[in-house]
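Engineer: The structure that follows is given in the form of structure tokens.
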Amino acid sequence: MKRVVVLFVAVLTCAVTVPARQRAVRSAGNPVDAHVFAKLVQEGIAPAAPASDAEFLRRVTLDLTGAIPTAAEAQAFLADTAPDKRARKIDALLASEAFNDRWTMWLGDLVQNVQVSQSSNEFYLGRNAYYRWIRESIAARKPYDAMVRELLAGEGISFDVGVANYIVRQVQRNGPPQDTYDNLAAHSAEKFLGLPALCISCHDGVGHLESVNWYLRNKKREDFWKTAAFFAQTRVRAERLDEGTTPFRITVEANPQGAYRLNTTDGNKSPRQPRSGQASVVAPAFLLTGEQPKPGEPLRAAYGRMLTADRQFARATVNQLWKEMFGRGLVEPVNGFDLAKLDTQASHPELLEDLASEFIAKNYSLRELLRTLALSRAYQLSAAYDGPHPDESYFARRQPRRLQAEMLFDAVGSATGSRPQFLVPGIGFVRKAMQLPDPLEGGRSPAGMLMDACGRGDRDEIARSNDSSIAQALALMNDPVVVNRVRRAPGNTVQVTLAASSDPNVVAEKLYLAALSRYPSSEEKRIAAEYLQGGPLVERAEDLLYVLINSLEFLFS
């Protein structure tokens with residue numbers, strides 16, 4: 001918006017500050033605080049001050065629900081003087097429909113639910129069934145271990161049975177069936193155990209992984225084949241719904257005669273051939289323990305039982321959720337666990353073990369684990385820090401990170417009071433990007449291109465990213481998706497604000513609450529009021545909202 005004065009942008013950006021010290025929730029016995037603060041004391045590192053109520057509110061609402069607080073929610077929270085208001089807010093967010101949206105997006109990313117990829121097709125019908133199953137499971141508070149077992153053992157018509165799409169998504173169309181079994185073994189180990197097992201799908205670890213993963217260095221390709229063999233008694237059939245049309249109806253079913261055979265010379269892997277004295281058919285055995293299925297036990301059900309019962313499943317899940325809340329994992333990367341170095345690889349190994357134990361004891365509840373993290377004093381530290389910033393692995397302060405693409409898009413909609421609709425095939429209209437079932441929706445529309453520029457990825461070859469770029473900054477400053485929604489229109493923020501008051505001080509407060517979830521400081525209010533009085537109020541109010549949306553405080557949390 002060309003009429004925005006550069007000086008105003010600079011002064012306002014410099015004036016954006018966060019009140020330093022306010023009361024934080026102190027939760028006795030929280031394992032997070034016991035370990036994080038003990039290490040800070042040991043290393044002589046001072047923690048940041050507690051986050052202000054406004055900083056905490058915006059952070060926890062984004063982290064738990066993927067949305068910024070509304071102006072009314074911010075006003076109510078900031079006016080609340082009860083000592084337990086943060087705990088009550090956390091519980092309310094955990095119980096909200098927006099929580100279900102945000103964590104459905106998270107799990108959809110993890111299992112890569114997408115209608116089409118380079119190697120497989122779920123089609124939008126399968127993608128929708130998968131999305132509904134994920135969301136209904138999270139809404140029903142289904143234990144996470146039960147969800148994973150259902151995924152690994154899923155059967156049925158993929159357009160009707162969501163969990164069948166876990167298998168469909170990993171089908172390798174241009175190779176022998178062993179390629180698909182390998183995909184499933186590698187994917188399940190990476191996503192549910194945090195192990196980069198793909199490394200041993202083509203060769204033994206010895207001579208390759210000494211500098212990468214000492215645990216996997218001791219594993220052989222045969223160990224990987226044994227895990228892949230759990231998927232060998234699975235058949236995927238595709239049939240046309242109508243002659244000459246797509247999509248294909250895909251059925252996942254048991255194939256009792258299936259076996260993992262060492263008989264391939266083509267496909268996407270090096271040849272699979274038995275060594276001297278080795279059988280040509282591989283019997284299934286769990287990678288971490290060597291455990292074999294019980295007599296008569298369906299192989300994929302056996303694998304799900306072993307995987308979710310292993311403590312590494314709890315560690316990996318805790319680490320993934322910790323990263324969602326704190327910005328980096330206790331182990332980095334989250335899919336790079338080295339089980340031979342657990343005592344040294346994690347930044348806080350005892351904390352990782354304590355949280356894994358708590359996760360197991362609380363029946364693998366995602367909400368309970370997230371509640372523990374959000375209630376901790378460590379989570380509620382301010383992003384502001386006096387002096388040189390300590391290494392991020394100490395968690396001495398909040399590490400600000402750019403809002404992920406869908407969160408950012410929805411935040412603009414919330415701040416401006418103008419939410420576009422997305423028409424999703426087979427689902428209908430949705431009003432939030434956080435409700436989109438995969439990142440291909442929106443396509444080449446202006447909204448879709450803006451989210452693509454902000455790193456939403458494609459759940460296939462392009463990973464999700466929160467990295468910033470000049471292109472993103474220019475898009476947010478010039479894209480009509482942003483600019484047009486800032487302008488006054490019936491029912492949007494500027495129109496509603498000006499209809500209620502023409503007092504520059506009131507207008508400034510309302511726009512700050514809408515965009516930044518807080519009141520302006522006295523200096524910010526003075527600058528904003530002077531600007532609002534310096535020209536047509538409508539235009540100046542639009543300018544102020546535009547500047548706030550393009551501020552670092554809006555874009556980062």
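Engineer: If you take the residues of region 64-107 that are among the acidic types (Asp, Glu) and either open to solvent by 10 Å² or more (accessible area, probe 1.4 Å) or modelled with pLDDT under 95 (or both), which of them is farthest from Val430 (Cα to Cα)?
Structural biologist: It comes out as Asp84.
Engineer: Within region 454-471, count every residue that is in contact (Cβ under 8 Å) with a residue 40 or more places away in the chain and farther than 26 Å from Lys191 by Cβ.
Structural biologist: Residues in region 454-471 being in contact (Cβ under 8 Å) with a residue 40 or more places away in the chain and farther than 26 Å from Lys191 by Cβ: 1 in total.
Results for (1) surrounded by 15 or more Cβ atoms within 10 Å (Cβ to Cβ); (2) in a strand (DSSP E or B); (3) modelled with pLDDT of 95 or more, shown as yes or no for each residue.
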{"position": "Glu190", "(1), (2), (3)": "yes, no, yes"}
{"position": "Cys199", "(1), (2), (3)": "yes, no, no"}
{"position": "Asp204", "(1), (2), (3)": "yes, no, no"}
{"position": "Val212", "(1), (2), (3)": "no, no, no"}
{"position": "Trp225", "(1), (2), (3)": "yes, no, yes"}
{"position": "Ala228", "(1), (2), (3)": "yes, no, yes"}
{"position": "Asp242", "(1), (2), (3)": "no, no, no"}
{"position": "Gln257", "(1), (2), (3)": "no, no, yes"}
{"position": "Gly267", "(1), (2), (3)": "yes, no, no"}
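Engineer: Considering only region 108-123, state which residues are over 19 Å from the mean Cα position of the chain (by Cα) and either under 15 Å from Ala433 (Cα atoms) or open to solvent by 20 Å² or more (accessible area, probe 1.4 Å) (or both).
Structural biologist: Val116, Gln118, Ser119, Asn121, Phe123
Engineer: Only one of these is outside any loop (DSSP other than H, G, I, E, B), surrounded by fewer than 23 Cβ atoms within 10 Å (Cβ to Cβ) and within 31 Å of the chain's Cα centre (by Cα): Arg237, Arg249. Name it.
Structural biologist: Result: Arg249 is the single residue among Arg237, Arg249 that is outside any loop (DSSP other than H, G, I, E, B), surrounded by fewer than 23 Cβ atoms within 10 Å (Cβ to Cβ) and within 31 Å of the chain's Cα centre (by Cα).
Engineer: From Leu555, Leu498, Leu511, which residue is over 22 Å from Ser52 (Cα atoms) and touching a Leu at 6+ places or on another chain (Cβ under 9 Å)?
Structural biologist: Testing whether each residue is over 22 Å from Ser52 (Cα atoms) and touching a Leu at 6+ places or on another chain (Cβ under 9 Å) leaves just Leu498.
Engineer: Related question: Within region 188-211, how many residues turn out to be free of Cβ contacts under 8 Å to residues at least 60 places away in the same chain and either within 25 Å of Asn165 (Cα to Cα) or not acidic (Asp, Glu) (or both)?
Structural biologist: 9
Engineer: Out of everything in region 381-395 that is closer than 23 Å to Thr61 by Cβ and touching an Asp or Glu at 6+ places or on another chain (Cβ under 9 Å), what residue ends up being least open to solvent (accessible area, probe 1.4 Å)?
Structural biologist: Among residues in region 381-395 that are closer than 23 Å to Thr61 by Cβ and touching an Asp or Glu at 6+ places or on another chain (Cβ under 9 Å), the one least open to solvent (accessible area, probe 1.4 Å) is Ser382.
Engineer: Turning to a different aspect of this structure: Of all the residues that make up region 124-149, how many are open to solvent by 20 Å² or more (accessible area, probe 1.4 Å) and free of Cβ contacts under 8 Å to residues at least 24 places away in the same chain?
Structural biologist: 3
Engineer: Let me ask you something else. Working only within region 446-467, note down all residues that are in a loop (DSSP other than H, G, I, E, B), under 27 Å from Leu552 (Cβ atoms) and open to solvent by 30 Å² or more (accessible area, probe 1.4 Å).
Structural biologist: Within region 446-467, Ile462, Ala463, Arg464, Ser465, Asn466, Asp467 qualify.
Engineer: Identify, from the list Gly296, Gly290, the residue that is open to solvent by 40 Å² or more (accessible area, probe 1.4 Å), assigned to a loop (DSSP other than H, G, I, E, B) and either touching a Gly at 6+ places or on another chain (Cβ under 8 Å) or under 20 Å from Ser201 (Cβ atoms) (or both).
Structural biologist: Unique residue meeting the criteria: Gly290.
Engineer: Here's something else I'd like to know. Out of the residues in region 299-331 that are touching a residue at least 60 places away in the same chain (Cβ under 8 Å) and charged (D, E, K, R), which is least open to solvent (accessible area, probe 1.4 Å)?
Structural biologist: Arg300
Engineer: Here is a follow-up. Where residues in region 534-543 are touching a residue at least 60 places away in the same chain (Cβ under 8 Å) and surrounded by 19 or more Cβ atoms within 10 Å (Cβ to Cβ), which of them is farthest from Leu498 (Cα to Cα)?
Structural biologist: Ranking the qualifying residues of region 534-543, first place goes to Asp543.
The values are calculated or read from the model by the stated rules, or taken from the named source; none is laboratory data. Remember, predicted model here, so these are calculated numbers, not experimental data. For neighbour counting, all protein chains shown are included, and Cβ atoms are generated from backbone atoms with ideal geometry for every residue, glycine included. With ligands, DNA and RNA removed, areas are computed over all heavy atoms of the protein, side chains included. Shrake-Rupley method; radii C 1.70, N 1.55, O 1.52, S 1.80 Å.
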